[in-house]
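Before any comments, here is the structure.
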Amino acid sequence: MLNKKEIITSLISVLMLLGCDSSSQQLNNGADTEKRLSKTAAVETKPSNWYIRLVAEDPARALKSVSTQLGELEEDDAVEKHTLKALTPFESSYLDIIFRDPVGVASGDYKVNFHNYEEGSEDRWSFTVRTDDNTTDILLTWRGIYILTPYEDEQGRQRYKEHQSATNPLVKNMKLIDKSNGKEIAAVVNGEVQTYGFNMEGQTERTFQWVVQVDEVLIPLETNKSLVLNAKVIQKDVSKSKTIKMFDLNKPPMIKEESFGK
């Protein structure tokens, strides 16, 4: 049997332990709160090194082009060093996106076109969607934005690490322009990547511009909705037709760490 003194001592020990656990819990809660606040405070800034991928799809024929890229780099020779040639289509049925005769390089067709980053200025890329079928419906969209972080490798060469961001504010400054009719569509609306649907209308090539404005793109919501609705109609019509085996003309994107600084 414990005597009165031993019982009192035991109770004091238990209370002290409970007090320690409570203090420890409060410290842990404080650390968790601080971590959450620091995440909330981390706001993305517009990058000076980045790229996106342009994507064209002919759903009726299951053709897709996914490897065309445009972007900006904080390098003096970004255009000459990182603008890469396009290959001639090697199949009779094809769908492709190219940059034709971009400024700063020799005349020709290119798959990748980087510009020199200039803070506070607008930038534009002209590109062409080309296909063998002049009657087909095309869906045009994009993937990204891919943020590039420069570093030097062991040989002192400039390389880039990349990560994709769905929330970078730069995308709100981007829009697509169809040069054949002047229609414009915002790159994103309410956080959703937009898709533009169109018919080739008797042509095998159609020219567009990708624009990065200084300010946020402000296109009436109803205007944007009508263009996106057209894309959904194309997708719906194709889903009713016979499914064709997927054929992707292009290889996976060329932009990797090894692509830079060679």
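Net length available on complete extension from Gln155 to Arg124 is 7.7 nm, with 0.36 nm assigned per residue and the Cα-Cα distance removed. Full extension of the chain between Ser180 and Asp77 gives 33.9 nm of extra length, using 0.36 nm per residue less the Cα-Cα distance.
Solvent exposure of the stretch 116-183 amounts to 51 Å² per residue of accessible area, where only protein heavy atoms count and the probe is 1.4 Å.
In a DSSP loop and with at most 14 other Cβ atoms within 10 Å, the chymotrypsin sites (Phe, Trp or Tyr not before Pro) in the stretch 86-145 are Phe90. Residue order by solvent-accessible surface for His163, His82, His115 is His163, His115, His82, largest first, with ligands and nucleic acids left out and a 1.4 Å probe. Amide H contacts under 5 Å for Thr83: Phe114, restricted to partners 5 or more places along the chain or on a different chain, H placed in the peptide plane at 1.01 Å from N.
With 0.36 nm allotted per residue and the present C-alpha distance subtracted, the Lys85-Ala62 stretch has 5.8 nm of extension available. Surface listing: Ser93, Ser165 arranged by accessible area from highest to lowest gives Ser93, Ser165, probe 1.4 Å. With the whole protein complex present, Glu205 retains an accessible surface near 80 Å², based on a 1.4 Å probe. Ligands, DNA and RNA left out, the 1.4 Å accessible surface of the stretch 57-204 is 43% carbon and sulfur atoms. Within the stretch 99-208, all pairs of alpha-carbon atoms sorted by distance into 10 Å bins from zero give the percentages 11, 33, 37, 15, 4, 0. For the stretch 54-85, backbone nitrogen atoms closer than 15 Å to the point 7 Å from Ser48 Cα along Cα-to-C-beta are found at 72-78. Modelled this way, with points 7 Å down the Cα-to-C-beta line, the labels at Asn116 and Thr167 are 3.5 nm from one another.
Cross-link reach is defined here as a Cα-Cα straight distance under 17 Å, omitting same-chain residues fewer than 8 places apart; for Lys175 the aspartates and glutamates meeting it are Glu72, Glu122, Asp123, Glu184, Glu192, Asp215, Glu216, Glu222.
The alpha-carbon atoms of the stretch 170-223, seen along their principal axes, cover 35, 21, 16 angstrom, with the largest extent given first. The aspartates and glutamates within cross-link reach of Lys111, meaning a Cα-to-Cα straight distance under 14 Å and a gap of 8 or more places when in the same chain, are Glu80, Asp96, Asp101. Ranking Lys232, Lys175 by solvent-accessible area of protein heavy atoms (1.4 Å probe, all protein chains present), from largest to smallest, gives Lys232, Lys175.
The values are calculated or read from the model by the stated rules, or taken from the named source; none is laboratory data. For clarity, every value in this text was computed on a predicted model and none was experimentally measured. We place every Cβ from the backbone using ideal geometry, glycine too, and count neighbours over all the protein chains shown. For the accessible areas, the whole protein counts, side chains as well, though only heavy atoms, and no ligand, DNA or RNA atoms are used. Shrake-Rupley method; radii C 1.70, N 1.55, O 1.52, S 1.80 Å.
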